[in-house]
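A.B. asks: Once you've had a glance at the structure underneath, I'll fire off some questions.
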Amino acid sequence: MEKNWWKGKVAYQIYPKSFNDSNNDGVGDLKGITEKLDYLQDLGIDILWLSPVYKSPFVDQGYDIADYYAIDPIFGTMDDMDELIMEAKKRGISIIMDLVINHCSDQHEWFQKALADPNGEYAEYFYFVESENGVPNNWRSYFGGSVWDKVPGTNKYYLHSFHKAQPDLNWQNPVVREKLFNMVNWWLEKGIAGFRVDAIMNIKKDLSWSSLPSDGEEDGLVTVDEVLAYAQPIEPFLTELKEKTFDRYNAFTVGEVFDETGDELQFLIGENGMFSSIFDFRPILLDRKGKRWYTFEQSSANALKETIYKTHKLTDSIGILSTIIENHDEARGATRFIPAEDISDTSKKALATLQILRKGIPFIYQGQEIGMENQTFDTIQEYDDINTINEYHVAISDGLTDEDALHAVQKYSRDNARTPMQWTDQEYFGFSQVKPWLLSSHPNRQINVASQINDATSVLSYYKKLTALYRHALYGESIRSGVFRPVYESVDHLIAYERVGDRRVQVLINFSNQEQRITLEEAYTELLVNNLESINQGGLELYLEPYQALVLGY
Ligand code: ISL
């Protein structure tokens, strides 16, 4: 198999609980995914990332793994998994799993044994730190509160960067590393093609456990995120992981890495980098004004454009990014990136064009391809996600009214993207015959696959047009591997770039509700894609309608 077989591919993320429920228990499952492989093939998907399907108590929806070698019964059996891998392969689709190895579940056998004997060998699988006077330091977990919880019956505390049901694994312990590596190889042996690697920059800890100045919130704590800078070096762990596992199988890996600096890119995704690719979270992070969801603000088209240009400038000579507009942790891209009054099929198609044709591996998140938007939940009780519930309570304790707190979490809740995939406009969306595990108060069921699949003008059909360009006889090579080059940079709200390989493809996106005029430098050879029915052109003068996107071949 070719070394970088994954270059120029199109990927899709499945959130298994919410994709397709084959046995009508209200929860999606593996057989449900297998049933939809033809749909995915038709969409032009090469790589399928499954969010965790391992055995789990689902405190954090599967990102708390109780057994790395077992499929959770709500998803089916290991036979179902084998069948999915095989059926996908038949359709030219590679499966990648979610690799969650910073932490496991408190229900994992290792943690249970550690609790049973807090001085025994399994205690060394975790960070059990002795402390006489309360918690060892002032670090705040990602989901709120201290990262420390008491080991019952001792004066020790265990570390959890995320929820208290997600104890961090002790990567300092070579036995733990070896067991994790064996597990990774076991899955690769099974025939999966690689992994999306969860929260991987958290595996190295600052073992001095020093407190840091509070980040200014009332609890006097500091987010564990800030501590990562002191947890160095991480290289030896990542190198060992890569050499003992991924490299041996020529696996595709995409790291969940945030806030990487330009200097780190070579190490992360360069020629001999730790991962095949990492996600480009920069467009998503644009909203992060202040620390809490209630302080976040929607970014502008110009900010988006600037970030994208900068990112490619910084990265493209080094490695390949994986691009997203949303995922299971984020708001829906349409709602995040398009001003509410401008959301339409046209603007969704414009956003799609921007992401899918950038240089990189586009990851389409389930439902994105039909233009699913944020969901409305009327009360905090209707939410499932632990992060949402935490952000709501923080907002309340910071003095927001119930209404304002709810408003903030509505916009950024992880549940926005976790509701069932909308296959039809039926009561339960053709996802299930029974009430799904997560349901918004007012589902926007008019957005569904059935109504779009045979409509040549639908968002879904448009996504297919974009992915088809990856296989285009004349222009495919440029889309798959051509250089990214910004054009018409100074034109307000116009996000425009070329992909230059054997041929030249120009992508022009008017990301605004105002008409835009530009003068083309030369006549194009072929209009490859237009998200509107017509093109308003006089000679080289081009009038772009609001949110019009054009893909021109030269
Ligand atoms: O979700 C977030 C913000 O809404 C992030 O802080 C998130 O927790 C972080 O990106 C790590 O995410 C990953 O690991 C978590 C899990 O909850 C997320 O679903 C996963 O993507 C812990 O395993």
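A.B. asks: Just to be sure before I move on: is Leu406 at pLDDT 95 or above and either of a type in the set (Ser, Thr, Tyr) or within 16 Å of the ligand (Cβ to nearest atom) (or both) in the structure I sent? Give the steps one after another, and end with the answer.
C.D. replies: Details: at pLDDT 95 or above: yes; either of a type in the set (Ser, Thr, Tyr) or within 16 Å of the ligand (Cβ to nearest atom) (or both): no.
It is false that Leu406 is at pLDDT 95 or above and either of a type in the set (Ser, Thr, Tyr) or within 16 Å of the ligand (Cβ to nearest atom) (or both).
A.B. asks: Hey, among the residues in the range 119-173 that are in contact with a His (Cβ under 8 Å, 6 or more places away or on another chain) and charged (D, E, K, R), which one's surrounded by the most Cβ atoms within 10 Å (Cβ to Cβ)?
C.D. replies: Result: Asp168.
A.B. asks: Please go through the range 174-226 and pick out each residue that is surrounded by fewer than 19 Cβ atoms within 10 Å (Cβ to Cβ), more than 16 Å from the ligand (Cβ to nearest atom) and more than 24 Å from Tyr125 (Cα to Cα).
C.D. replies: Listed by number, the residues that qualify are Glu189, Lys190, Gly191, Leu212, Pro213, Ser214, Gly216, Glu218, Asp219, Gly220.
A.B. asks: Which of the residues that make up the range 479-495 are outside any strand (DSSP E or B), over 15 Å from Thr307 (Cα atoms) and under 28 Å from the mean Cα position of the chain (by Cα)?
C.D. replies: Ile479, Arg480, Ser481, Gly482
A.B. asks: Another one. Being among the small types (Gly, Ala, Ser) and touching a residue at least 60 places away in the same chain (Cβ under 8 Å): is that true of Ser299 here?
C.D. replies: no
A.B. asks: Could you tell me whether any residue of the range 273-286 is outside any helix (DSSP H, G or I), under 20 Å from Leu228 (Cβ atoms), touching an Asp or Glu at 6+ places or on another chain (Cβ under 6 Å) and among the charged types (D, E, K, R)?
C.D. replies: No, the range 273-286 contains no residue that is outside any helix (DSSP H, G or I), under 20 Å from Leu228 (Cβ atoms), touching an Asp or Glu at 6+ places or on another chain (Cβ under 6 Å) and among the charged types (D, E, K, R).
A.B. asks: Do we find that Glu260 is of a type in the set (D, E, K, R), free of Cβ contacts under 8 Å to residues at least 40 places away in the same chain and part of a helix (DSSP H, G or I) in this structure?
C.D. replies: no
A.B. asks: Check Glu2 against each of (1) in the same structural domain as Phe363 (by TED's automatic domain parsing); (2) modelled with pLDDT under 95 and name the one condition it does not meet.
C.D. replies: (1)
A.B. asks: Which one of these is over 28 Å from Pro174 (Cβ atoms) and surrounded by 21 or more Cβ atoms within 10 Å (Cβ to Cβ): Phe75, Phe58?
C.D. replies: It is Phe75.
A.B. asks: Next question, about the same structure. Have a look at Glu522, Glu533, Glu498 and point out the one that is of a type in the set (Asp, Glu), part of a strand (DSSP E or B) and modelled with pLDDT of 95 or more.
C.D. replies: Exactly one of Glu522, Glu533, Glu498 is of a type in the set (Asp, Glu), part of a strand (DSSP E or B) and modelled with pLDDT of 95 or more, namely Glu498.
A.B. asks: A follow-up question, please. Looking at Lys190, Lys113, Lys179, can you tell me which residue is over 26 Å from the mean Cα position of the chain (by Cα), within 21 Å of Phe275 (Cα to Cα) and modelled with pLDDT of 95 or more? Walk me through it before giving the result.
C.D. replies: On the way: Lys190 fails: over 26 Å from the mean Cα position of the chain (by Cα); Lys113 fails: within 21 Å of Phe275 (Cα to Cα).
The unique qualifying residue is Lys179.
A.B. asks: Considering Gly191, Gly255, which residue is in contact with a helix residue (DSSP H, G or I) (Cβ under 7 Å, 6 or more places away or on another chain) and within 24 Å of Leu265 (Cα to Cα)?
C.D. replies: From the options Gly191, Gly255, the qualifying one is Gly255.
A.B. asks: If you scan the range 334-365, which residues turn out to be within 11 Å of the chain's Cα centre (by Cα) and within 16 Å of the ligand (Cβ to nearest atom)?
C.D. replies: Result: Phe363, Tyr365.
A.B. asks: Hey, another quick one. Give me a count of the residues in the range 387-403 that are away from the ligand (no atom under 16 Å from the Cβ) and touching a residue at least 24 places away in the same chain (Cβ under 8 Å).
C.D. replies: Of the residues in that region, 3 qualify.
The values are calculated or read from the model by the stated rules, or taken from the named source; none is laboratory data. Note that the structure is predicted; figures quoted are calculated from it, not measured. Cβ coordinates were reconstructed from backbone atoms using ideal geometry, including for glycine residues, and neighbour counts include every protein chain displayed.
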